[in-house]
1. Remind me, relative contact order of segment 155-280 in percent, using alpha carbon pairs under 8 angstrom and six or more residues apart?
2. With the cut-off at 1.5 for a/c, could you classify segment 306-420 from its C-alpha gyration tensor as rounded, prolate or oblate?
3. Determine the dipole magnitude for the chain: charges of +1 sit on the beta-carbon of Lys and Arg, -1 on that of Asp and Glu, nothing else is charged, the reference point is the Cα centre, and the result goes in debye to the nearest 20.
4. Tell me which of 350, 435, 524 sits at the most positive position along the dipole axis of the chain, charges placed on C-beta atoms (Lys, Arg +1; Asp, Glu -1).
5. What FRET efficiency would be calculated for the residue pair residue 252, residue 338, taking the C-beta separation as r and a Förster radius of 22 Å, to the nearest 0.05?
6. Fewest first, what order do 159, 49 take by the number of other Cβ atoms within 10 Å?
7. Using θ = phi - 60° and the Karplus curve 6.51 cos²θ - 1.76 cosθ + 1.60, what whole-Hz ³J(HN,Hα) does each residue of segment 39-44 get, with Gly and Pro shown as x?
8. Report the label-to-label distance for residue 380 and residue 304 in nanometres (one decimal), using points 7 Å from each Cα along the Cα→Cβ vector.
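Bear in mind that the values in this text are calculations on the coordinates, not laboratory data. Remember, predicted model here, so these are calculated numbers, not experimental data. Counting neighbours? That spans all protein chains shown, and the Cβs are built from the backbone with ideal geometry, glycine included.
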Amino acid sequence: MGPVRRLLVALLLALAAPLPSAAAATPRIIGGEPAAPDQWGFAVALTTDYGSQFCAGSLVQPQWVLTAGHCRIYAASAMRVVVGQPDLRQPSQGSEVVRMIRHPDYRMVVPGAPRNDLMLIRLRDPVAAPLVALADERPATGQVLRVAGWGSTSYNRADDSFGPSSPVLRDTTVRVRSTDTCVADYGAGVFIPQDMVCASLPRQDACAGDSGGPLVQGRGAEVRLVGVVSWGTGCALPGYPGVYALVSSHRCWINGTTLPPRAPVQLVAAPADGTLEVEWAWTRPCDTAPEPDGYRVRVAETGQVVDVAATLRRATITGLVNGQAYTVSVTALNGNGESTPATTTGVPATAPLVVTGAAWTGLGTAELTVDVPPQVEALRLRSTATRGTRAILGPWTELAPDGAARRLRIPVDGLPAEALRLRLEVERGGLVVPTRSAALERPIRPALIGKVRITGTAAVGRRVACEIGRWTGTRPLVVARNWLRDGRAIRGATGRSLGLGAQDEGADLRCRVTVTGPGGTTRATSAPVAVAG
Ligand code: ARG
């Protein structure tokens, strides 16, 4: 029977059947019809390993299914994903699931109304079925969309019960409601955030078991996944639209999880004797995109491949020939594949400049030490600190290394008080070559051990001293004192000791200590001392 004939038969049967009373089951997804298979090739059924269907989903990549977060009901090993099979009565193995990644901000704030209700399911093997493209915008209010699933085809309002689900995929149309109308419809206690969308039409809706399934716009090559079936009160109840997770709001997380990562950035290859030290950074393209699992470094000329852990972002390539140029490329990796490569060139050299030390010298300042090989006569240098993906560059300075020590100390200013990698850039004949880098530990903020105390006899005509106590924290530490009379700083009174005069009689005297180091500034004040007459 052709689809048109079948539809006619269904219609006739429906007409022949007695009309349902108001309390009886709302007919049929709700109000839908068997879906045209060529329209829903990307729709998948989530079933238990015994073949009982409980949710739906959409194939967004050959190995990834997008579904609802609340569809995490069974362990990966106890479920199957049935792809490309609208009729679930036909026998099928279904695809095995290796991993379920629920949206990191999935939350069931109001029972039955989950937020960020999305989950990605990784299949053991890629499947050859059509993929659905993600919509990149919220659909306009009033737009008519289509939703499909194997869920209940009826809902009984009288006892809030769901009818049997459908063995064949069914679809129906729904109209996009404005969020304001939807919030007003549902009334107090239900919040519908901007990353969800409501849709309904009289007597047409998704229902229990349709969760995770696709809400789409367009047809054929134009089809776009707009939403994921999330929740609703009852099914097709007047004034209670279906609520869907909005795909366009979550593209970052979906793409970040299902596609190869973004490429590394800011690659540098610092030369040394027969080696290149390669460093790079990686920027999160958007908040919810996961980090790569690792990186792969390749040297084009030698075929060397080095795999690097995600946290390291640095590799040393050895066994290279000095004076020869090497092309080094780095890609980021995840379970979906490799990013595009980021490439740089490096020339290993004998007697390169090597940063031998890096030390904090104060708040926001550090010093790099570099040993200068004998054959180097003069240099133009600047410091570079990398903070995340940002480089903090010092000014270029001409330096003639002092002949005897062949050692230079280069000040670096304007640093944040955090762990940094520091290197120098050396200009040689118009070419800027980075040196190997040195690490600077995160400086520790000064902290007082014991107490700030006033010692001596606090009486007019006598002198008192301010003992600062013992301080920890990254050195060097700079100490400033200020004497306070009745809680107010005494102008100019910043010495280690203070002579007391008539104006101090009866006053409360305190000593305030401010200690500044590379890790920051900390203040402490002594207990008050009353000045006797
Ligand atoms: N939460 C339901 C499920 O688990 C689907 C809800 C859709 N309801 C609706 N009225 N649109 O299958």
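1. Across segment 155-280, relative contact order equals 20 percent.
2. Working: a/c = 2.60, a/b = 1.37, b/c = 1.89.
Oblate is the answer for segment 306-420, as a/c is 1.5 or above yet b/c matches or exceeds a/b.
3. It works out to roughly 1500 debye.
4. Result: 524.
5. Working: r = 20 Å, r/R0 = 0.90.
With R0 = 22 Å, the Cβ-Cβ based efficiency is 0.65.
6. Numbers: 159 6, 49 14.
In increasing order of surrounding Cβ atoms, one gets 159, 49.
7. 8, 10, x, 8, 6, 10
8. For the pair residue 380/residue 304, the computed spacing is 3.0 nm.
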